[in-house]
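**Q** The structure's right below; bear with me while I get my questions together.
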Amino acid sequence: GAVVSQHPSWVICKSGTSVKIECRSLDFQATTMFWYRQFPKQSLMLMATSNEGSKATYEQGVEKDKFLINHASLTLSTLTVTSAHPEDSSFYICSASGRSADTQYFGPGTRLTVL
Amino acid sequence: AQSVAQPEDQVNVAEGNPLTVKCTYSVSGNPYLFWYVQYPNRGLQFLLKYITGDNLVKGSYGFEAEFNKSQTSFHLKKPSALVSDSALYFCALGGNQGGKLIFGQGTELSVKP
């Protein structure tokens with residue numbers, strides 16, 4: 001149980017284009033989803049928290065107009081990197097927690113490379 | 001301020017030997033503590049958690065951790081390491097941040113045959 005999927009697992013795009021990453025909870029209802037960014041050999045940096053049906057709460061320093069988050073259902077959240085630039089290249093990981101909210105289950109991550 | 005620290009960037013262990021990955025925390029109130037493991041280019045896999053109850057918590061793949069309130073520690077242990085345990089391990093603190101987790105910087109575990 002508690003499986004979270006992400007799609008795509010990797011994506012390469014040109015500078016200036018937008019990329020959408022999907023995060024799905026496969027066997028539970030995710031009342032809260034989290035989006036993280038991770039640089040090589042480093043810890044996870046929380047970007048934003050989203051609750052189903054509500055606007056996402058962004059961490060300080062994260063541009064909400066650049067990283068659009070939608071959590072339209074209890075099993076799906078999306079992160080759209082708008083007008084991507086090479087500095088946005090990173091490993092993006094989502095996590096989801098259910099109604100008990102005490103444990104986050106993580107997706108496998110998405111490797112974004114912006115050329 | 002709430003924080004979690006993993007004092008070792010890397011831990012090296014011979015296969016079959018016991019392993020310990022250290023974690024200490026600072027929190028006001030009762031901590032929720034977690035261990036996750038990350039294999040290269042993968043997301044994090046949940047190993048175990050302490051919320052309340054028995055201080056010794058058993059988790060996946062033979063791992064366990066002991067919550068020590070007086071030492072504010074939550075070290076991850078395994079009696080006999082496997083080469084396949086080689087990965088990046090993260091300790092995380094939750095409970096008071098609306099479901100958010102504060103992660104340690106990670107410890108690279110290397111188990112050699």
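**Q** Could you identify the single residue in B:99, B:16, B:62 that is within 14 Å of chain A (Cβ to nearest Cβ) and either more than 29 Å from residue A:3 (Cβ to Cβ) or of a type outside the set (A, V, I, L, M) (or both)? Give the steps one after another, and end with the answer.
**A** Numbers: B:16 fails: within 14 Å of chain A (Cβ to nearest Cβ); B:62 fails: within 14 Å of chain A (Cβ to nearest Cβ).
Result of the check over B:99, B:16, B:62: B:99.
**Q** At least 1 residues that are more than 14 Å from chain B (Cβ to nearest Cβ) in each: list the strands (runs of 3 or more DSSP E) lying fully within region A:15-55 that qualify.
**A** A:19-25
**Q** For region B:49-67, give me the residue count where each residue is in a strand (DSSP E or B), of a type outside the set (A, V, I, L, M, F, W, C) and open to solvent by less than 60 Å² (accessible area, probe 1.4 Å).
**A** Total satisfying the criteria: 2.
**Q** Are there any pairs with C-beta distances below 7 angstrom linking a residue in region B:35-55 that is free of Cβ contacts under 8 Å to residues at least 12 places away in the same chain to a residue that is surrounded by fewer than 18 Cβ atoms within 10 Å (Cβ to Cβ) and assigned to a strand (DSSP E or B), with the two at least 6 apart or on different chains, and if so which?
**A** Listed pairs, sorted by first residue: B:41/A:111.
**Q** Against the condition more than 14 Å from chain A (Cβ to nearest Cβ) and either buried (at least 20 other Cβ atoms within 10 Å of the Cβ) or closer than 20 Å to residue A:47 by Cβ (or both), how does residue B:92 come out, does it pass?
**A** no
**Q** Please go through region B:5-48 and pick out each residue that is outside any strand (DSSP E or B) and within 20 Å of residue B:80 (Cα to Cα).
**A** B:8, B:15, B:16, B:17, B:18, B:22, B:23, B:39
**Q** Something else about it: Within region A:80-111, track down each residue that is part of a strand (DSSP E or B) and either surrounded by fewer than 14 Cβ atoms within 10 Å (Cβ to Cβ) or within 14 Å of chain B (Cβ to nearest Cβ) (or both).
**A** A:90, A:91, A:92, A:93, A:94, A:95, A:96, A:97, A:105, A:106, A:110, A:111
**Q** Can you name the residue in region A:1-14 that is under 12 Å from the mean Cα position of the chain (by Cα) and in a strand (DSSP E or B) and, of all such residues, is nearest to residue A:106 (Cα to Cα)?
**A** Among those residues, the one meeting the criterion is A:4.
**Q** Now, a different point. Taking the stated definitions as given, is residue B:87 within 14 Å of chain A (Cβ to nearest Cβ) and closer than 27 Å to residue A:36 by Cβ?
**A** yes
**Q** Exactly one condition in (1) over 24 Å from residue B:95 (Cα atoms); (2) open to solvent by less than 40 Å² (accessible area, probe 1.4 Å) is not met by residue A:32; state its number.
**A** (1)
**Q** Let me ask something else about it. Could you tell me whether any residue of region A:39-58 is touching a residue at least 60 places away in the same chain (Cβ under 8 Å) and either open to solvent by less than 30 Å² (accessible area, probe 1.4 Å) or over 15 Å from the mean Cα position of the chain (by Cα) (or both)?
**A** no
The values are calculated or read from the model by the stated rules, or taken from the named source; none is laboratory data. On a predicted model such as this, the values are computed, not experimentally measured, just so you know. With ideal geometry, Cβ positions are generated from the backbone for all residues, glycine too; neighbour counts draw on all protein chains shown. Areas reflect the complete protein model, heavy atoms only, side chains present, ligands, DNA and RNA absent. Shrake-Rupley method; radii C 1.70, N 1.55, O 1.52, S 1.80 Å.
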